[in-house]
1. State the number of residues belonging to the range A:1-40 that are crowded, with 18+ Cβ neighbours inside 10 Å and not in a helix (DSSP H, G or I).
2. Among the numbered criteria (1) open to solvent by 10 Å² or more (accessible area, probe 1.4 Å); (2) at pLDDT 95 or above; (3) among the β-branched types (Val, Ile, Thr), which single criterion is violated by A:Val83?
3. Could you list all residues from the range A:82-117 that are free of Cβ contacts under 8 Å to residues at least 60 places away in the same chain and within 15 Å of the chain's Cα centre (by Cα)?
4. Applying the selection to the range A:33-79, what residues are β-branched (Val, Ile, Thr) and touching a residue at least 60 places away in the same chain (Cβ under 8 Å)?
5. Go through the range B:41-66 and count every residue that is among the hydrophobic types (A, V, I, L, M, F, W, C), near DNA strand D (Cβ under 8 Å from one of its atoms) and not in a strand (DSSP E or B).
6. Kindly indicate whether any position in the range A:96-106 is within 8 Å of DNA strand C (Cβ to nearest atom) and within 14 Å of another protein chain (Cβ to nearest Cβ).
7. Consider B:Ala69 carefully, then state whether it is surrounded by fewer than 15 Cβ atoms within 10 Å (Cβ to Cβ), more than 16 Å from DNA strand C (Cβ to nearest atom) and assigned to a helix (DSSP H, G or I).
There are 2 protein chains.
Amino acid sequence: MTISSRFAVGIHILTLLELNKEINTSETIAGSVNTNPALIRKIIGMLKKADLVEVHPGKAGAKLKKGLAEITLLDVYQAVEVVSENELFSIHDHPNPDCFVGKNIQQTIEPIFISAQLAMEKVLLHVTLEDVVKEIDNK
Amino acid sequence: MTISSRFAVGIHILTLLELNKEINTSETIAGSVNTNPALIRKIIGMLKKADLVEVHPGKAGAKLKKGLAEITLLDVYQAVEVVSENELFSIHDHPNPDCFVGKNIQQTIEPIFISAQLAMEKVLLHVTLEDVVKEIDNK
DNA sequence: ATTACATGTAATTATTATAGTTACAGGTAT
DNA sequence: ATACCTGTAACTATAATAATTACATGTAAT
């Protein structure tokens, strides 16, 4: 099990929009990511829906819609919908309600799982695209 | 995408071993979890490999091999192999090495992803089965 | 207006993981 | 010898990902 690479690709796309000052078509971007343009358009569609990029039908090129420092990795993570809200961990359905453990296990475990997920998301919240771009610039 | 319910089932099984003082066969346990015995045996096999339970071929019943307070949820998480080490997040393969972004994106993103994963695992490290059992006892 | 080219999106395929299930070999105990 | 258990392999159904093809629709330059 892994979290979909859509997340990493989303970060890649946004970083490229900042660093490549040419017109960034889905084909250009696909060349950098090394995948096909349709997939890029799909992910860009998600980033657009989250108000992170500007792009128009028929018009070549996507652009960032916010400053780099205003976009956190959590924004990207949520935009590409790799994990449903509070559902990083799944809990088995229908444990036996006639068993003391089965009856209570779900509600006991759920808050623990959510707090683990939130701890992970908090790290993403504190890293911005600016951090990523600076790090790449350093290389 | 979600982390397999094997993790939740693993916790359920260990909790049951503590609270149900009868002999816990794979069929008994399957009745509480509400799944089938073969799946339970498979998960118990993983817990055994991680030295968390004791169980013998042909001999009915599994038992905890450690004290409740000594088993963290991280131990269970790792035992049931829901996520490979440092690979909660996946990064797209083969970004274009001729592109400045493509060339550097993987090594830039990886440490961020790992630290997010570690933050999540740290929460699991600080919750023990004893906490889970006490919480269930409170209900 | 026609042409060229872009985005948006649906449909298809291959791959992989999960979860459920059946079947049975082999161990244990009465 | 019998009954019952664990360990494990094999098979199925389901779902998500990622890659790909195809095409409708929008934009803009000539």
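1. Of the residues in that region, 4 qualify.
2. (2)
3. Within the range A:82-117, A:Ser84, A:Glu85, A:Asn86, A:Glu87, A:Leu88, A:Gln117 qualify.
4. Residues of the range A:33-79 β-branched (Val, Ile, Thr): A:33, A:35, A:40, A:43-44, A:53, A:55, A:71-72, A:76.
Matches in the range A:33-79: A:Val76 only.
5. Looking only at that region, the number is 1.
6. Taking every residue of the range A:96-106 in turn, none turns out to be within 8 Å of DNA strand C (Cβ to nearest atom) and within 14 Å of another protein chain (Cβ to nearest Cβ).
7. Details: surrounded by fewer than 15 Cβ atoms within 10 Å (Cβ to Cβ): yes; more than 16 Å from DNA strand C (Cβ to nearest atom): yes; assigned to a helix (DSSP H, G or I): yes.
Yes; evaluated as a whole, the condition is true for this residue.
The values are calculated or read from the model by the stated rules, or taken from the named source; none is laboratory data. None of the values given here were measured: they were computed from a predicted structure. Quick reminder, even Gly has a Cβ in these numbers, built from the backbone with ideal geometry, and neighbours come from all protein chains shown. Keep in mind that these areas ignore ligands, DNA and RNA; they rest on the heavy atoms of the full protein, side chains included. Shrake-Rupley method; radii C 1.70, N 1.55, O 1.52, S 1.80 Å.
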